[in-house]
Amino acid sequence: MTFDPESVRAAVFDIGGVFSYPGYRPVMDQITAFGLTPPDDIEWYRRAHHTGVRALADRAAAPQEHDEDYWAVYDGAYGRTLGVSDDLLDDLRVAIRIDWDWVHDENVKAFHRLAASGLPLAIVSNNDGTAEQQMLDFGVCQVGPGPLPSVAAVVDSTVVGVAKPNPRIFDPAIAALGVEASEMLYVGDTVHADVAGALAAGMQVVQLDPFDDHSDFEHTRAATVDDVVGALVSLGAHDVHE
């Protein structure tokens, strides 16, 4: 069991695959440049991301977050989901990486509902040094007072010099929240970085798995952030205001 809602006193969230995805328009443009017809249903591009995440989970050895081999596995699965052959992946890879700025509005809204409950929150992300600005730009949160929900910390791997799955990346969030790690929930989308990293830090964890790609794993999974919020507030421990 990796999630006991009754014992959760704080929650920490990832960014990529939770609040944002690779922008689909550059990907569509690149597929069109190949002379192919890109899917016009944008849900396919979310599907492609999570197919890539599943491909990473199938690796025999856990990849390192900033290793090119890590992204080659992800990019290949992403491209094949959209009908792009492997010989075109080098060009598609550039489009996938232009900017992870496609905001998942429903998950952001659910996060705001959880923030309104008063549950202490933080962000921990393998990122490029811009995580705090992303949270502002995406309308998710900020540290301290401001127009968005306030969180205790936004931890960026580039800033702190350590990346998931290394459990030390969670230390600043644990310190800022002032809660025992075992009473904290981490919400992310990957097995090797998010699930393994959070468990190694002694935290509870829920993997966002909207297409049910990881049913063969034993850890707790949820389709949306709203599902996680529902589990946390259904016991009446946190009073969420609409």
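The values are calculated or read from the model by the stated rules, or taken from the named source; none is laboratory data. Since the structure is predicted, the reported quantities are computational estimates derived from the model, not experimental observations. Every residue, glycine as well, gets a Cβ built from its backbone with ideal geometry; the counts of neighbours run over all protein chains shown.
Computed quantities for the displayed model
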| item | result |
| --- | --- |
| Residues located in the range 131-165, provided they are surrounded by fewer than 20 Cβ atoms within 10 Å (Cβ to Cβ) and either among the hydroxyl-bearing types (Ser, Thr, Tyr) or not assigned by TED's automatic domain parsing to the domain that holds Ala11 (or both) | Ser150, Thr158 |
| Residue identified as of a type outside the set (A, V, I, L, M), assigned to a helix (DSSP H, G or I) and at pLDDT below 95 among Asp99, Asp87 | Asp87 |
| Yes/no for Asp58 being of a type outside the set (Lys, Arg), modelled with pLDDT of 95 or more and not assigned by TED's automatic domain parsing to the domain that holds Pro210 | no |
| Filter result for the condition that a residue is exposed (fewer than 14 other Cβ atoms within 10 Å of the Cβ), within 19 Å of the chain's Cα centre (by Cα) and touching a residue at least 60 places away in the same chain (Cβ under 8 Å), over Asp99, Asp67, Asp105, Asp128 | Asp99 |
| Failed item in (1) exposed (fewer than 15 other Cβ atoms within 10 Å of the Cβ); (2) at pLDDT below 95, with Leu232 passing the rest | (1) |
| Condition met for Ile31 (hydrophobic (A, V, I, L, M, F, W, C), in contact (Cβ under 8 Å) with a residue 12 or more places away in the chain and surrounded by 20 or more Cβ atoms within 10 Å (Cβ to Cβ)) | yes |
| Flag for Ala72 being surrounded by fewer than 19 Cβ atoms within 10 Å (Cβ to Cβ), in a helix (DSSP H, G or I) and outside the structural domain of Asp194 (by TED's automatic domain parsing) | yes |
| All positions within the range 182-197 that are free of Cβ contacts under 8 Å to residues at least 60 places away in the same chain and either outside any helix (DSSP H, G or I) or touching a strand residue (DSSP E or B) at 6+ places or on another chain (Cβ under 7 Å) (or both) | none |
| Residue check, Arg168 surrounded by fewer than 15 Cβ atoms within 10 Å (Cβ to Cβ), under 16 Å from the mean Cα position of the chain (by Cα) and basic (Lys, Arg) | no |
| Lone qualifier among Gly52, Gly79 - being surrounded by 14 or more Cβ atoms within 10 Å (Cβ to Cβ), more than 16 Å from the chain's Cα centre (by Cα) and under 19 Å from Tyr21 (Cβ atoms) | Gly79 |
| Filter result for Asp86 (in contact with a Gly (Cβ under 9 Å, 6 or more places away or on another chain) and loosely packed, with under 13 Cβ neighbours inside 10 Å) | yes |
| Members of the range 160-177 that are out of contact with any His (no Cβ under 8 Å at 6 or more places or on another chain), outside any helix (DSSP H, G or I) and in contact (Cβ under 8 Å) with a residue 40 or more places away in the chain | Lys164 |
